[in-house]
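Notes follow once the structure below has been shown.
The values are calculated or read from the model by the stated rules, or taken from the named source; none is laboratory data. Since the structure is predicted, the reported quantities are computational estimates derived from the model, not experimental observations. Glycine gets a Cβ as well: all are built from the backbone with ideal geometry, and neighbour counts include every protein chain shown. Ligands, DNA and RNA are stripped out before the accessible areas are found, and what is left, the full protein with its side chains, is counted by its heavy atoms. Shrake-Rupley method; radii C 1.70, N 1.55, O 1.52, S 1.80 Å.
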Amino acid sequence: MRRLGIAVFRVVLGLTLGLVIAEGVFRFRDDGAFPHVNVYLPDTTLGTRLEPGATQRLAFTGNPATSLRINSRGFRGGEWPEPKQGELIVVGDSQVFGLGVEEDETFPAQLAKQSGRQVLNAGVPTYGPREYLAVAKNLVSERRGANVVLVFNVANDFFELDRP
């Protein structure tokens, strides 16, 4: 019986050490990044939303590791400035959010640089057309004078038209 206890201990110890070593190797290889956005919270209206105040390192599909920060509204980037007449709110999925790029390299950030306008990134990975419309409706009611740019992802949004 004692030999069985020692054998079980060795197996558990070996598995634990193996997992610790594997975690260390992946952490080193991926610069401490996780391969998926992992900062979601359940939401009764949208199904899920990004956790306000969350940060994460992300290494997405072979891209260099990037940093994510979620503002208090649950969208990527810093806190939003006061509403401004003619501002743009870009709504969409991971393409708008900017998976695989830094915050200043996202489509909304580039649009702001090129247009000289205040542009807000309201993209959330996993969202589809139903969520886009709910987000746009909510934000337009809060930010009078804003214009919405809805980015429809033809790669997957057609499949999400009839389901959240």
For residues in region 61-72 being farther than 13 Å from Tyr40 by Cα and touching a helix residue (DSSP H, G or I) at 6+ places or on another chain (Cβ under 9 Å), which is surrounded by the fewest Cβ atoms within 10 Å (Cβ to Cβ)? Ser67
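Per-residue answers, yes or no, for (1) at pLDDT 95 or above; (2) within 26 Å of Pro129 (Cβ to Cβ):
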residue	(1), (2)
His36	no, yes
Thr44	no, yes
Leu50	yes, yes
Gly53	yes, no
Gly62	no, no
Ser67	no, no
Gly78	yes, no
Could you please find all residues in region 48-60 being open to solvent by 50 Å² or more (accessible area, probe 1.4 Å), assigned to a strand (DSSP E or B) and touching a residue at least 40 places away in the same chain (Cβ under 8 Å)? Arg49
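Yes/no matrix, rows are residues, columns are (1) without any contact (Cβ under 8 Å) to a residue 12 or more places away in the chain; (2) open to solvent by 80 Å² or more (accessible area, probe 1.4 Å); (3) within 18 Å of the chain's Cα centre (by Cα):
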site: Lys84; (1), (2), (3): no, yes, no
site: Gly100; (1), (2), (3): no, no, yes
site: Glu103; (1), (2), (3): no, no, yes
site: Pro108; (1), (2), (3): no, no, yes
site: Thr126; (1), (2), (3): no, yes, yes
site: Glu131; (1), (2), (3): no, no, yes
site: Asn138; (1), (2), (3): yes, no, no
site: Ala146; (1), (2), (3): no, no, no
Among the residues of region 112-124 satisfying the criterion of being outside any strand (DSSP E or B) and among the small types (Gly, Ala, Ser), which is least open to solvent (accessible area, probe 1.4 Å)? Ala112
Which of the residues that make up region 148-163 are of a type in the set (Phe, Trp, Tyr) and more than 20 Å from the chain's Cα centre (by Cα)? Phe158, Phe159
